[in-house]
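The values are calculated or read from the model by the stated rules, or taken from the named source; none is laboratory data. Keep in mind that what you see is a predicted model, and the values were worked out from it rather than measured. With ideal geometry, Cβ positions are generated from the backbone for all residues, glycine too; neighbour counts draw on all protein chains shown.
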Amino acid sequence: MPVIPIDSLDDPRVESYRNLKLKNLQRGGPYFIAEGKKVVERLLESDFETHSVFISRKRLEEWEGKVPADVPLYVADQSVMSALVGFDFHVGVVGCGVRRPSAPLEELLPRDAQRLTVVACPNCDNPENMGAIVRIGAAFGIDALLLGKGCCDPFGRRVIRVSMGATFSLPIFETDYLLEDLRRLKQDWNFQIAATVLDTDSELLETARRPARFGVVMGNEDAGLDQAWTEFCDRKLTIPMCRGTDSLNVAVASGIILHHFTRASADL
C-alpha cells in the first residue's frame with residue numbers, strides 16, 4: 001500500500017491515534033497502540049496483525065521499507081502528529097495492532113510438557129507494574145502470565161510501552177475466574193501454586209525449591225494478596241529484607257522471584 005499523507009486532525013483514518021494522552025482504546029475494542037520505534041518493530045515482527053503505522057514525515061525514509069505493503073503507512077508533519085496524539089511525540093513512530101482473545105489454557109500450557117512456569121496476578125492495576133512484569137516474565141522464560149479481572153489492560157498503551165513489546169511474545173491469559181483456572185491447573189496439570197507474602201513465618205525464597213510445574217501468585221502493589229488467595233495456595237514465599245524494609249515494588253519482587261525459580265538449581 002502506498003504512503004498515505006495525513007493533513008488534518010479530523011481524518012477518520014487515524015481515529016485510533018487521536019489524543020492518546022487523554023484516552024486509552026477501549027479494552028473491549030478491536031485495537032491497541034504500540035508506541036516508539038522498537039515497540040512498533042516488534043509489533044510488525046510478531047504474529048499480531050498490524051492495522052496501520054503512523055509516522056512523522058522525517059521518519060519516512062527509514063520506515064517506508066519496513067512496513068509491509070498491505071499495512072497502511074500514514075505520514076504527517078511532526079506538528080500535526082503531535083497535535084493528533086495529544087503530546088509532543090518526539091519519537092515519531094506509532095502503530096495500531098489488532099486485539100485477539102486469549103487462547104485457552106490447553107493451548108498455552110500443554111499437558112505433556114515436563115516443565116511449566118506461570119505467574120498469576122489477581123489484581124495488578126498499575127500499568128507500569130504490569131508492563132514490567134510482562135517484560136520480566138518474558139525475559140525469564142515463563143510459559144504464561146495469568147491475569148484476573150482486577151488487573152489493568154495488558155494491551156494498554158503504557159503497559160505495552162513499559163514491556164518494550166514483550167506483550168506481543170509472552171502468552172497472556174485474561175480471565176474473570178482466575179481462582180477457578182488455577183484450581184484447574186492444580187487438579188488437571190499437577191501444578192503447585194505459591195503465594196508471595198510479607199510474612200516472616202513463610203518459606204524464605206533463598207532456600208525455596210520448585211517442582212516441574214509451578215505457579216507464583218503476585219499481589220497488588222498496595223494490598224498484597226488477601227486471605228482467600230493465601231489459603232488457596234499450596235505454600236507461602238517471602239523475600240528476606242534488611243534495614244526495616246517492609247516491601248518491594250511488585251515488579252521488582254517478581255524479577256527476584258523468577259530469577260530464583262527459573263535457575264536449574266531451584267528444581268527439586
Among 180, 206, 231, the single one that is in a helix (DSSP H, G or I), among the charged types (D, E, K, R) and within 24 Å of residue 102 (Cβ to Cβ) is 180
Count - residues of region 131-178 that are basic (Lys, Arg) and farther than 17 Å from residue 35 by Cβ | 1
Has region 166-175 got at least one residue that is within 22 Å of residue 45 (Cβ to Cβ) and of a type in the set (Ser, Thr, Tyr)?
-> yes
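Within region 46-57, is there a residue that is more than 21 Å from residue 168 (Cβ to Cβ) and surrounded by 12 or more Cβ atoms within 10 Å (Cβ to Cβ)?
From region 46-57, those more than 21 Å from residue 168 (Cβ to Cβ) are 56-57; that's our starting set.
Adding the requirement that they be surrounded by 12 or more Cβ atoms within 10 Å (Cβ to Cβ) leaves 56-57.
Scanning region 46-57 turns up at least one residue that is more than 21 Å from residue 168 (Cβ to Cβ) and surrounded by 12 or more Cβ atoms within 10 Å (Cβ to Cβ).
Considering only region 192-204, I want to know if a residue exists there that is touching a residue at least 60 places away in the same chain (Cβ under 8 Å), surrounded by 15 or more Cβ atoms within 10 Å (Cβ to Cβ) and either in contact with a Gly (Cβ under 8 Å, 6 or more places away or on another chain) or more than 19 Å from residue 117 (Cα to Cα) (or both).
yes
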Would it be correct to say that residue 143 is modelled with pLDDT of 95 or more, under 24 Å from residue 256 (Cβ atoms) and of a type in the set (Asp, Glu)?
-> yes
Look at residue 213 and say whether it is in contact (Cβ under 8 Å) with a residue 40 or more places away in the chain, among the charged types (D, E, K, R) and under 29 Å from residue 107 (Cα atoms).
-> yes
Residues in region 152-177 that are more than 17 Å from residue 29 (Cα to Cα) and part of a loop (DSSP other than H, G, I, E, B) total 7
Provide a single number: the residues in region 19-40 that are out of contact with any Lys or Arg (no Cβ under 7 Å at 6 or more places or on another chain), over 20 Å from residue 125 (Cα atoms) and modelled with pLDDT of 80 or more.
-> 3
Taking helices (runs of 4 or more DSSP H) that do not extend beyond region 60-140, which have at least 3 residues that are within 19 Å of residue 215 (Cβ to Cβ) and of a type in the set (A, V, I, L, M)?
-> 127-139
Any chance region 192-203 includes a residue that's under 18 Å from residue 108 (Cα atoms) and hydrophobic (A, V, I, L, M, F, W, C)?
-> yes
When residue 127 is evaluated against the numbered criteria (1) buried (at least 19 other Cβ atoms within 10 Å of the Cβ); (2) over 23 Å from residue 224 (Cβ atoms); (3) at pLDDT below 95; (4) not β-branched (Val, Ile, Thr), which criterion, by number, is the only one it fails?
-> (2)
So, of the residues in region 81-131 that are touching an Asp or Glu at 6+ places or on another chain (Cβ under 7 Å) and β-branched (Val, Ile, Thr), which turns out to be farthest from residue 262 (Cα to Cα)?
-> 94
For region 100-107, does any single residue satisfy the condition of being in contact (Cβ under 8 Å) with a residue 40 or more places away in the chain and in contact with a helix residue (DSSP H, G or I) (Cβ under 9 Å, 6 or more places away or on another chain)?
-> yes
Residue 193 being assigned to a helix (DSSP H, G or I), touching a strand residue (DSSP E or B) at 6+ places or on another chain (Cβ under 9 Å) and not charged (D, E, K, R) | no
